[in-house]
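Input: a single structure, listed below in structure tokens.
The values are calculated or read from the model by the stated rules, or taken from the named source; none is laboratory data. Keep in mind that what you see is a predicted model, and the values were worked out from it rather than measured. Cβ coordinates were reconstructed from backbone atoms using ideal geometry, including for glycine residues, and neighbour counts include every protein chain displayed. The area values use the complete protein model at the heavy-atom level, side chains included, leaving out ligands, DNA and RNA. Shrake-Rupley method; radii C 1.70, N 1.55, O 1.52, S 1.80 Å.
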Amino acid sequence: MENCLGIITMGSMDKQESNFGPLCKKRPIYMLPFGGRYRLIDFTISNMVNHGISTVAVYTGDKIRSTMDHLGNGKPWDLNRRFNGLFLYPPLHNSSSRKGEIAELYSTLDFFNNAKDENVLLIHPNYLGSVNLKEAYAEFIEKDSDMTLIYKKKVDPWGQYVNCDKLIMDKNNKFKNIGINLGTEQEFNMYIGMILLKKKVLLEIVKKAIEDGESTYLKEAIIAYKHEYKINTYEFKGHIEVINDLKNFYDANLNLLSKEISQELFFSGGPVFTKTKDEPSTFYSEDSQVYNSLVANGCIIEGTVENCIVFRGVKIGKNAIVKNSILMQKSVVHDNAIVVNTIMDKYSSIGEGLRITGNSSMPYVVEKSKELRKD
Amino acid sequence: MVENKVVAMLLAGGQGSRLKALTRKIAKPAVPFGGKYRIIDFALSNATNSRISDIGILTQYKPFQLNTHIGIGQAWDYDRNVGGLRVLPPFTSEDGGRWYTGTANAIFENIDYLDELNPQYVLILSGDHIYKMDYRQLLKEHQEKGADVTISVIEVPWEEAPRFGIINTDQDNKIVEFDEKPKNPKNNMASMGIYMFNWVELRKYLIKDSKNPNSEHDFGKNVLPDMLNDGKKMYSWNFKGYWKDVGTIRSYWEANMDLIDPDNELNMYDKDWRIYTRNRNLPPHYLSRSSKVRNSLINEGCTVKGEVRNSVFFSDIYIEKGAKINNSVVLSDSIVEAGAEVNNAIILEGVTVKKGDKIGEEGDGNIYVVTKKGFTIE
């Protein structure tokens, strides 16, 4: 994808952080650990890089410590370049500046003007999917679109995707508007937070939105000025995860235990890059019993593990039983403990003999660095 | 100003011919070890963890994979502005091209490199061994004794002493005699091939040795005994800990098995002394409902649906349902198909063990090396 900038913004994700309980106390949603050794944003950046995008700008939002630590100079994604590479844009804090996606984009006009690329791929990193952007980009160029919105047809009998953005289209599949899914239709076109735009168009919209003072988010601005532009859509047919609350996050992790889904996310679009930790291999003891689980490196497993995602450097003690759970980096389940339907955040631990059981519809969350003990 | 500057020279040109199929395409230091490493990673990581800022790597035998692995040394933090890592292959000059003819000759040929860095000390390392050592301790000992050379030694079992260069010392660890592969060893302290030299002295003796037509240009055989004859101050330093020369197929297999031994001395999980390596960017491994994994090491990218016991797995390995692997070392990208059974084996990279194949019996005492063409028995 030559001639294209990669832009990662949170859209209105910052408003959803409270949906994640203690997990997003100190980290933005896109920094949530995912799939045993990744953060959500790794998939977005890797997808961009694997499509030949060499300039990536990340609008980090307020909680930037974990972002800075993880992304650094972009080395894991080969974005530590002399030309182009990774740009991090934390929000500016002065009394006069407005907040929100539009204001943030507006504050970096120089970045856009200095870049030679003429097109922009803008992604919200809470949608996870291995989208073949090459095809979408070719179509975008060929049709000389001002923008192309990428969507996925979703059948949603359980109302799982209520409040997600949907694309409204006419009979000829022409874009009409962006609305919100209220679950009134069997099937709807879910907007997956990926959009291709001409840079010129993006800057025009951003400036207009600032001038008119109507829109905070790019989505609102697109709705406001939709009649002035040639807007096309592109259908993504693969697997997509929407991470907008704790339950979705938990399910999306456990969905990786399905071979088709993990193959698609981990392999189909090229490797997923992340900051490496130099952990040795995982050791399984003589008494360990592990079924249907994804396990990262550096773990020492001596107990029973079933239907779990186990991150790097986790320890599971003797006779411990862990089921349907997500154990993040360096968490510890001590001997004889039982952990079911739980998300353990980084460095947390469950003391010897303790039982922790969450609800299958709402997992229990052990906060980062928290040590739960029996007494 | 950096004082006490040490430059490490890592000898990585060894063929390791006794490792047979394992070194058919690669040099011994590039042989995979312990689930995700290559043998050279241990010496390189020791150097990084010992805060050595300059390291030269002397390559010669089939260096392609080794060069790819090392690259610019990024994995070991050797991609630096000041110092860093240099790969030093043999080269040609006005008087023609020469291969490195011995360990000492390899250093002699790179005198220009060392002169430019102008270190106080030169640390000679070998890329053939599995161990964790803080070279700063060796340096400290070297400085305290005011030595010209300090040699790191390790206690080996008496019956194995005749395979090593044995070093006889007085009570103060001052070296009095070198005994290369002695029939009747006087003690069991073996040289580990790790030498700390004062560069000024080493330089003199390298030049002297290069002019000697009868020399094999080897540290153990020529340069060190020559220095001892001249009465240089030479000391030994006793290293305690895990150290293994994986010279043969059997010792290679054993050293890998050591890692899953509960009494294993080599703690790979010590976060204060990490072993670094190049990363393949693979996802976590997956153990299915039908899997049964006991007392084993499994690395990234593997999918296990069969039974695995007492084994060390590298990355991206596929074990089908109903396959059985016991007491084996399985290198990356291999497949073991349903119903196959493998015992006491080393399965090389990219090998597929076919449906229903049976290799070895449990406890038959053999080691099987499984290649794409079949297997050999050791």
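Residues in segment A:186-222 that are open to solvent by 80 Å² or more (accessible area, probe 1.4 Å) and either free of Cβ contacts under 8 Å to residues at least 12 places away in the same chain or in a strand (DSSP E or B) (or both): 4 in all. Selection within segment B:300-315: residues that are surrounded by 24 or more Cβ atoms within 10 Å (Cβ to Cβ) and closer than 20 Å to A:Leu254 by Cα. The member of this set that is nearest to the other protein chains (Cβ to nearest Cβ) is B:Glu300. Take A:Val56 and decide whether it is in a strand (DSSP E or B) and in contact with a strand residue (DSSP E or B) (Cβ under 8 Å, 6 or more places away or on another chain). So A:Val56 passes the test.
For first residues located in segment B:232-260 and over 30 Å from B:Leu348 (Cβ atoms), partners that are open to solvent by less than 30 Å² (accessible area, probe 1.4 Å) and in a helix (DSSP H, G or I) and lie 6+ apart or on another chain with Cβ distances below 7 Å form the pairs B:Lys232/B:Glu201; B:Met234/B:Met227; B:Trp237/B:Leu138.
Within segment B:191-211, if we keep just the residues that are over 21 Å from B:Asp112 (Cβ atoms) and either outside any strand (DSSP E or B) or in contact (Cβ under 8 Å) with a residue 60 or more places away in the chain (or both), the residue that is most open to solvent (accessible area, probe 1.4 Å) turns out to be B:Gly193. All told, B:Ser296 falls short of being among the small types (Gly, Ala, Ser), crowded, with 24+ Cβ neighbours inside 10 Å and in contact with a helix residue (DSSP H, G or I) (Cβ under 9 Å, 6 or more places away or on another chain).
A:Asp69: of a type outside the set (A, V, I, L, M) and either closer than 26 Å to A:Leu327 by Cβ or under 13 Å from the mean Cα position of the chain (by Cα) (or both), yes or no? Judged against the criteria, A:Asp69 is a match. When B:Ser251 is tested against (1) more than 7 Å from every other protein chain (Cβ to nearest Cβ); (2) in contact with a Lys or Arg (Cβ under 8 Å, 6 or more places away or on another chain); (3) outside any helix (DSSP H, G or I); (4) over 16 Å from B:Arg38 (Cβ atoms), just one condition goes unmet, and that condition is (3).
Between B:Arg278, B:Arg274, the distinction of being open to solvent by 20 Å² or more (accessible area, probe 1.4 Å), within 14 Å of chain A (Cβ to nearest Cβ), farther than 17 Å from A:Phe283 by Cα and under 21 Å from the mean Cα position of the chain (by Cα) belongs to B:Arg278 only. Scan segment B:134-150 and give yes if some residue there is buried (at least 21 other Cβ atoms within 10 Å of the Cβ) and under 29 Å from B:Thr23 (Cβ atoms), otherwise no. Within segment B:134-150, one or more residues are buried (at least 21 other Cβ atoms within 10 Å of the Cβ) and under 29 Å from B:Thr23 (Cβ atoms).
The single residue among A:Ile64, A:Ile29, A:Ile7, A:Ile45 that is more than 14 Å from every other protein chain (Cβ to nearest Cβ) and under 23 Å from A:Ala136 (Cα atoms) turns out to be A:Ile7. Identification of strands (runs of 3 or more DSSP E) wholly contained in segment A:109-171 with 1 or more residues that are acidic (Asp, Glu) and surrounded by 15 or more Cβ atoms within 10 Å (Cβ to Cβ) yields A:165-169. Among residues that are at the interface with another protein chain (Cβ under 7 Å from one of its Cβ atoms) and among the polar types (S, T, N, Q), A:Asn297 is included.
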